[in-house]
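Report on the following structure.
What follows is calculated from the coordinates using simple rules that are stated; it is not laboratory data. Keep in mind the model is a prediction, meaning the values are calculated, not measured. Cβ placement follows ideal geometry from the backbone for every residue including glycine, while neighbour counts extend to all protein chains displayed.
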Amino acid sequence: MSLIDEIYNLYEKLVADAILETRQPGDEQDFLADVMCVALNRLPSRYYRHSVDMMFYMAEGEMNDLKQQSLDAVKDAREFVTGHGREL
């Protein structure tokens, strides 16, 4: 296993979950991939090695805030991608 396989960005999972939550009929994989890229570029990085470490150091309610930030970023990214030439 390489070093890169041991490091994760918390927002990748949260954004993927938000995309699944907001997915609409007719959304294509390419469109959703673009939405994910735009959303992740608009969020700060939150890297960790072990999920248990992330939960231990996180303040109460912080995960809910991160989930809401991810959902907001996905909604904004969806509008951005739709308005910039990506057709559904």
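Which of T22, F80, L10 sits closest to the plus end of the dipole of region 9-88, meaning its Cα is farthest towards the positive end, when Lys and Arg get +1 and Asp and Glu get -1 on the C-beta?
The residue sitting farthest along the positive end of the dipole is L10.
Among the GluC sites (Glu not before Pro) in region 1-63, which ones are in a DSSP loop with at most 12 other Cβ atoms within 10 Å of the Cβ? Mind listing them?
Here the GluC sites (Glu not before Pro) that fit, given the DSSP loop and packing criteria, are E28, E60.
Using the Kyte-Doolittle scale, find the helices of the chain whose mean hydropathy is at least 0.0 and whose Cα atoms extend 15 Å or more along the helix's long axis, counting only whole DSSP H runs.
Correct list, ordered by number: 10-22, 29-41.
In whole Å, what are the Cα extents of the chain along the three principal axes, biggest one first?
In descending order, the Cα extents are 41, 33, 21 Å.
Over the chain, what is the mean sequence separation of C-alpha contacts under 8 Å (at least six apart), divided by residue count, expressed as relative contact order in percent?
Computed over the chain, the figure is 46 percent.
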